Amino acid sequence: METATQTNETELTKFNAAQLKVDRLFSLEKIEVKDVENLSRYERDYLAETTNEKLERLTGAERDNFLNKVDNIITPATKNQLWEHNQLVISHAISNFMSKHGCMPPKTIIATETGLSRQTVVKHFAAYKKHPEYLAMAEQFKFMAPKMLATVYKFAEKGSMKAAKLYFEMVGAINKQQPSTIVNGQTNYIQINNTILSQENLSQLSAEQLNQIEKIIVSGGR
C-alpha cells in the first residue's frame, strides 16, 4: 500500500517533469501541435494553467509575442474568450475616457488603459464586426427586442407621447419618410412631422392605438 509520503513524492515527480517539459516548450519560437502530442493529461493541464497565468500577467507587445508563440495550440473556444476579453476591456476604456473627457480616446490611450498593445487595439477595431462573437452578441440584442418593445408600450400606455410614437414605429404602424422622397398616388394619409401614417396602417390599428395617435396630433407630434 502506497504511503502518504510516497504519494507526495510521486506528485512532486509528476509536477517537476511537467514543469520541465512546459519550460522547454516556452523556449521555442513557436509551439506547434506536434510539440504537445506526447504530453500526458497532467502535463497538458499544467501547460494550460501556465499559459493562462502568463496571459493574465503579460501586457502590450510581450503579450502579443506570447500569443503568437502559442497560437497554433490554442483551441477555438480559448481564442473566442480572448476576443471577448479584448472587446470588454476596450469598451470599458472608451466608456470611462468619454465619461471623463467627453471625447473618443486615442488608440494609444486605449492600449495603455487595457494592457493591450496598440497593434492589437487597431486590429480589433478593424475586424470586430466580422468576428463570430460580435455577430452572436448582435443576435443577443435582437433577442431582447420584444422585452424592449414591451417596456416602450408600458410608457406609451401611461401617456408618454414620445413612447407612443416610438412604439408605432417599432411595430411598423408608422413609416419613416425618407428625405427627398415624393409620395405619389396617395391622398389618404396623416403626416406628423417627418413621419407618414397611411390609410392602410390606420386600418390595422385598434381603437386604443388610434386614440394615442389623436393625442399625438393634438399635441403637435411631441
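Summarising the label geometry, the points placed 7 Å from Cα in the beta-carbon direction at M137 and N16 lie 4.7 nm from one another. Within a straight-line Cα-Cα reach of under 27 Å, K100 can be paired with the following lysines, leaving aside sequence neighbours fewer than 8 residues apart in one chain: K123, K129.
Positive contributions from Lys and Arg (+1) and negative ones from Asp and Glu (-1), summed over other residues with Cβ under 12 Å from the Cβ of E43, come out at 0.
Would you work out the Kirkwood radius for region 4-140? I mean one over the mean of 1/r across all pairs of different Cα atoms, in Å.
Kirkwood radius, region 4-140: 17.2 Å.
Label-to-label distance for R41 and H92 is 3.5 nm, based on points extended 7 Å past Cα in the beta-carbon direction.
Taking 7 Å steps out from each Cα toward its Cβ at T59 and A77 produces label points 3.0 nm apart.
Would you kindly calculate the mean projected area, averaged across all directions, of the convex hull enclosing the Cα atoms of region 9-57, in square nanometres?
Values: hull surface 14.5 nm².
Projected area, direction-averaged: 3.6 nm².
Each value in this text was obtained by applying a stated rule to the coordinates, not by laboratory testing. What you see is a predicted model; the values in this text were computed from it and never measured. Please note: Cβ atoms are built from the backbone with ideal geometry, for glycine as well, and neighbour counts cover all protein chains shown.
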